[in-house]
1. Give me log10 I(q)/I(0) at q = 0.17 Å⁻¹ for the range 91-247, Debye formula, one equal scatterer per alpha-carbon, no solvent.
2. Please check: in the Gaussian network model of the chain (C-alpha springs, under 10 Å), which one of Pro384, Pro303, Pro88 has the largest mean-square fluctuation.
3. For Ile268, tell me the accessible area in Å² from a 1.4 Å probe, rounded to the nearest 10.
4. With charges only on Cβ, +1 for K and R and -1 for D and E, what is the dipole size of the range 108-200 about its Cα centre, in debye, rounded to 20?
5. Provide the gained length on full extension for the span Phe12 to Ala312, in nm with one decimal, where the gain is 0.36 nm per separating residue minus the Cα-Cα distance.
6. Go through the range 75-86 residue by residue and turn each phi into a ³J(HN,Hα) via Karplus (6.51, -1.76, 1.60, θ = phi - 60°); whole Hz please, and just put x for glycine and proline.
7. Three principal axis extents, largest first, for the C-alpha atoms of the range 140-230, in Å?
8. Given axes a ≥ b ≥ c from the Cα gyration tensor, I'd like to know whether the range 1-52 is rounded (a/c under 1.5), prolate (a/b larger than b/c) or oblate.
Amino acid sequence: MFDFVLPLLYVFLFGNIILRTRFFKNGPGTKFLLSIFITKCLLSVIYWELHVSEYGGGDSFFYFLDGEIIGNKMAGEQWKYLQLTFGPNGGEIPSNIAPEIELMGYWTDTSDYMVVRFNAFVYPFSFGNPYVHGIFMSFLSLSGLLALYKGVSQFSLHNKQLLKVAIFGIPSVLFWTSGLHKEGLLIFALGWFFYAIFSMGSGKLNWKYINLAIVSSLFVYLIRDFVFFLLLPGLVAYLLSKRFPKYTLPINLAVYLSTAIIGAQLYILPGGINYLQLIAQKQAAFKALTGGNTTIELHDFEPNLLHMAVYAPEAFFNVIIKPVAVGFTPISHFLIVIENLFFLLMIVTALLFLDYKRFKVHPAMIWFKLYGLSLVILTGFIVPNIGAIVRYRSIALPFLLVPLFFHCKSDLLLFFKKIAIR
């Protein structure tokens, strides 16, 4: 009985926070956010049950088990708990926590260990109930989505209802950011990063937002380093574009081209390699994994700029279009197809409703477009499995839709409402 009551108590607790705190009140509406939160909580249960029953638990299950090993230390070895949860991982193993580390599987991987840290932090509150962990992740990722919404809504918009659709209305974003995996932590960190950057304005330096941007970007780096590195050229271009708004397009073109060319000559990444060689290594690592029934063929990535330029369109196609052809069995594949068709429909419809008369180049929206495209193309280069592609790309989708809806006529919202009614 307690296993069912405890999650409901946390849903009630977080629901009250959403309804009563200032951060959630100053947004798209507390009732709307509460409905999104409850939806995410339900999706977190489905996520857990699906992974346990269909995929033997997957990484999410083993993240939870490692977090449980740490969480059990709270009973009488609090110092070990603090050391394992908040201390550094990898490298030489301290003798006092060696027995626990030997039982764990993710100690040496900083990215995976961030999810273990999350589970270890939640464990004293959950008493080992995995549904509670999903509720915490749902709330955390919701705050990140809201931070992203509030950051973008500071700019002039035709209709903020369209922004709600772009950020809170994508099914795969809601699903993948509610499970015990990296996507929920990533959207939390990215949302707060962009909120901090967009809130700085162009006046006197605000150290509150600067510190928030530094801390949130550090979280992004620890969760997925390549997602962090893709932020940097856009950040430089955005800051320069704010200073010289008339030259936004040439600034972005110059920054991204110079980053690609110069980065190909710098062998500064771990192991003395450049970013092109890193992409090739990551692709090879993915290909070495046992393939599922949605595996697709990828060209072996050659670490040179010509290969990257030639195969970038194919990488984009594999991530945005190819999930439509994944097939209709089992049910999860069918849902992938439906969601992808829904997303493509949103893109095509948004293009039809673009307000060309009021269209103007916006530094933040250029950053969003190029960042979303960078995430999509990189995913297309390295991931040969449609199921993994759908999870990886979920982070990129809001960054692609927000700029489209940003420049749309408000008539688009009426169009969506008519479809929903029919």
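1. The computed values of log10 I(q)/I(0) come out as -1.09.
2. Looking only at Pro384, Pro303, Pro88, the biggest GNM fluctuation is shown by Pro88.
3. Accessible area, nearest 10 Å²: 130 Å².
4. So the dipole magnitude of the range 108-200 works out to roughly 320 debye.
5. Between Phe12 and Ala312, full extension yields 103.4 nm more.
6. 5, x, 10, 4, 5, 4, 4, 5, 5, 6, 7, 10
7. 39, 35, 21
8. Judged from the Cα gyration tensor, the range 1-52 comes out oblate (a/c at least 1.5, b/c at or above a/b).
The values are calculated or read from the model by the stated rules, or taken from the named source; none is laboratory data. Every value quoted in this text rests on a predicted model; they were computed, and no experiment measured them. Cβ sites come from the backbone with ideal geometry, for glycine too, and all protein chains shown count toward neighbours. Each accessible area value is taken on the protein alone, full model and side chains, heavy atoms only, with ligands, DNA and RNA left out. Shrake-Rupley method; radii C 1.70, N 1.55, O 1.52, S 1.80 Å.
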